[in-house]
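Reviewing the structure listed below.
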Amino acid sequence: MIKIQHLTKNYGTNCAVDDISCEIGRGETVGFLGPNGAGKSTTMNILTGYLSASAGRVLIDGIDILSDPIGAKKLIGYLPEQPPVYFDMTVDEYLNFNYDLKGCTFDRKAHLNEICEVTRIGDVRRRLIKNLSKGYRQRVGVAQALIGNPPVIIFDEPTVGLDPKQIIEMRSLIRTLGKKHTVLISTHILQEVQAVCDRIVIINKGKIVADEKTENITRAVESNKRYSLKVCGNQREVLDALKSVPGICLAEAQTSKDGDAQTYIIECESGADVRKKLFFTLAQRNLAMIGLEAVGMNLEDVFISVVEQTEQAKAAEKTRYARNTTKKRELKTRETLTKELAEDLIKNAEEQRARSDDEDN
Ligand code: ADP
Ligand code: MG
C-alpha cells in the first residue's frame, strides 16, 4: 500500500533521511520508532506530499506522490506533528471546511457525525479551537485526517502532549482504525508502538536500522533483563558477590543511596533468571538486599539489543547463503552499518555518563 524506494532528504548539508526503502502492506499497522531528530517527521511529510524528496520515490497504492499528488493524497489521512487546526474556527466550521477541501462526496451530516463520535469530540463541536485543551485539539486533528475515509492513515507522534487517560484513548482509537485501514504512526516511545503496531521500523540518523515484527522486537527487549537493586554493605564486597552469580553479565554501582543501602544495576544473560541465586549469594555474605526491581530498557538499549540480535541472525543467514555472492555483499554493508550504529550509541552513552558524572562531582 505504501512503497518507499531509496528515499533521501537533505537540508543543506544535513542528510535528514538517508536512502531508506520500505514497504507497508494493505491493512498493516506499522510504527516508526526513533529518537528525536531521527527523520520520522521528514519521512512522513514526504510520504504525504507536504515535502519533496531530494531523491527516491514514494508510491501510495501504486500512485506516485510526486507525479500525481492529488490522486495519492486522496488516499491518505495525515495528522502532522503540529495538528493543522485553525484556532479561530469552531470545530464544526473546521471539519466542514476540510470536508469541502477534500471534495468529499459522502453524506456530509452523517459522515461528520460518525467521525465526531469515533474521535469523541461531539461535545465540543460548537467551541472555538483556540479554547480547546491540547487533547481535544489533537482529536480534532485526527477527525480532520479521517474525513473522506482514506484507506491510509499516517499519524506523526499522535500522543505527544496528551495526559495518560488521553494516551490510552488515542491508542485504542489507533487500534480501531488499524482494523480497517493501513496505519503508520511515529513515536519515540517503545511501549507506544509495542501497544498498537504489528510491525516496528526503527529509524536512527535517517537510516532504517531494524524492521521487525513487534513480537521480535519485544523478544529482543525482554531477553536482556536488567534489574535495579538496593544492597547494604561494602560496595566492593557487593560488586564481588554480584559478579559471582552465574547469569549476571554486568554489575555496576549507582550514585543513589537509600539509607545505608546503595543502588546497583545488573544485567543478565538472555533467558537467565538470577533472582533466587542473587538473594542467597548476598544473604550468605551477610549483605542485605532491601530492594529489587526490573528496569525497562530505554530506546538506546533497544537499538543495541536489536542490532546485536539482528547481527547474530544475519551471521547465521550469512553462513546459509555463503555461496550467494550478491546476498553476501548486501549483508556486508548492512553489517558495517549496524556495527557503526552500535559503536556510535555506546560512545554517546559513555559521553552522557561522563557528563552526568561531571555534574555529580
Ligand atoms: P524526527 O521527526 O524523527 O524527530 P525530523 O524529521 O524532524 O526528525 O528531523 C530530522 C533531521 O532533520 C533533524 O536533524 C532536524 O534538525 C533536521 N530538520 C528537520 N526539519 C528541518 C528543516 N526544515 N530545515 C533544516 N533541518 C531540518
Ligand atoms: Mg518529528
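Looking only at residues of region 80-98 that are in contact with a Lys or Arg (Cβ under 6 Å, 6 or more places away or on another chain) and part of a helix (DSSP H, G or I), we find that the one that is surrounded by the most Cβ atoms within 10 Å (Cβ to Cβ) is 91. Contact annotation: residue pairs with Cβ atoms under 6 Å, 6 or more positions apart or on different chains, pairing a residue in region 51-79 that is free of Cβ contacts under 8 Å to residues at least 40 places away in the same chain with a partner that is of a type in the set (Gly, Ala, Ser), are 63/71; 63/72; 65/49; 65/72; 69/49; 73/49.
The residues of region 80-92 that are away from ligand 2 (no atom under 16 Å from the Cβ) and in contact with an Asp or Glu (Cβ under 9 Å, 6 or more places away or on another chain) amount to a single one, 86.
Just one residue in the set 18, 88, 68, 61 is charged (D, E, K, R) and touching a helix residue (DSSP H, G or I) at 6+ places or on another chain (Cβ under 7 Å); that residue is 88.
Scanning region 50-86 for residues that are farther than 22 Å from residue 208 by Cα, more than 23 Å from the chain's Cα centre (by Cα) and among the aliphatic types (A, V, I, L, M), we see that the one that is modelled with the lowest pLDDT is 85.
Across region 37-81, what is the total count of residues that are among the β-branched types (Val, Ile, Thr), within 16 Å of ligand 1 (Cβ to nearest atom) and more than 24 Å from residue 202 (Cβ to Cβ)? Counting residues in region 37-81 that are among the β-branched types (Val, Ile, Thr), within 16 Å of ligand 1 (Cβ to nearest atom) and more than 24 Å from residue 202 (Cβ to Cβ) gives 0. Within region 23-34, being surrounded by 16 or more Cβ atoms within 10 Å (Cβ to Cβ) and in contact with a helix residue (DSSP H, G or I) (Cβ under 9 Å, 6 or more places away or on another chain) holds for 28, 29, 30, 31, 32, 33, 34.
When region 175-197 is filtered for residues that are under 12 Å from the mean Cα position of the chain (by Cα) and surrounded by fewer than 21 Cβ atoms within 10 Å (Cβ to Cβ), the ones remaining, listed by number, are 188, 189, 191, 194, 195. Anything in region 63-83 that is closer than 19 Å to residue 183 by Cβ and not hydroxyl-bearing (Ser, Thr, Tyr)? List them, or say none. Those that are closer than 19 Å to residue 183 by Cβ and not hydroxyl-bearing (Ser, Thr, Tyr): 63, 65, 72, 73, 74, 75, 76, 77, 79, 80, 81, 83. Restricting the first member to region 188-210 and to residues that are within 17 Å of residue 23 (Cβ to Cβ), and the second to residues that are of a type in the set (D, E, K, R) and surrounded by 23 or more Cβ atoms within 10 Å (Cβ to Cβ), the beta-carbon pairs closer than 8 Å and six or more apart or on different chains are 203/40. Scanning region 10-31 for residues that are touching a strand residue (DSSP E or B) at 6+ places or on another chain (Cβ under 9 Å) and within 8 Å of ligand 1 (Cβ to nearest atom) turns up 16, 17. Among the residues of region 135-156, those identified as in contact with a strand residue (DSSP E or B) (Cβ under 7 Å, 6 or more places away or on another chain) and either within 16 Å of ligand 1 (Cβ to nearest atom) or in a helix (DSSP H, G or I) (or both) are 141, 142, 145, 146, 154, 155, 156.
Taking the criterion of being free of Cβ contacts under 8 Å to residues at least 40 places away in the same chain and not in a loop (DSSP other than H, G, I, E, B), the residues of region 4-20 that qualify are 11, 14. Quick check: is even one residue across region 68-79 within 16 Å of ligand 2 (Cβ to nearest atom), closer than 24 Å to residue 199 by Cβ, aromatic (Phe, Trp, Tyr) and surrounded by 20 or more Cβ atoms within 10 Å (Cβ to Cβ)? Yes, there is a match, as at least one residue in region 68-79 is within 16 Å of ligand 2 (Cβ to nearest atom), closer than 24 Å to residue 199 by Cβ, aromatic (Phe, Trp, Tyr) and surrounded by 20 or more Cβ atoms within 10 Å (Cβ to Cβ).
Within region 28-49, if we keep just the residues that are near ligand 2 (Cβ under 10 Å from one of its atoms) and not in a loop (DSSP other than H, G, I, E, B), the residue that is farthest from the chain's Cα centre (by Cα) turns out to be 45.
The values are calculated or read from the model by the stated rules, or taken from the named source; none is laboratory data. Only a predicted model underlies this, so the values are computations on that prediction, with no experimental measurement involved. Every residue, glycine as well, gets a Cβ built from its backbone with ideal geometry; the counts of neighbours run over all protein chains shown.
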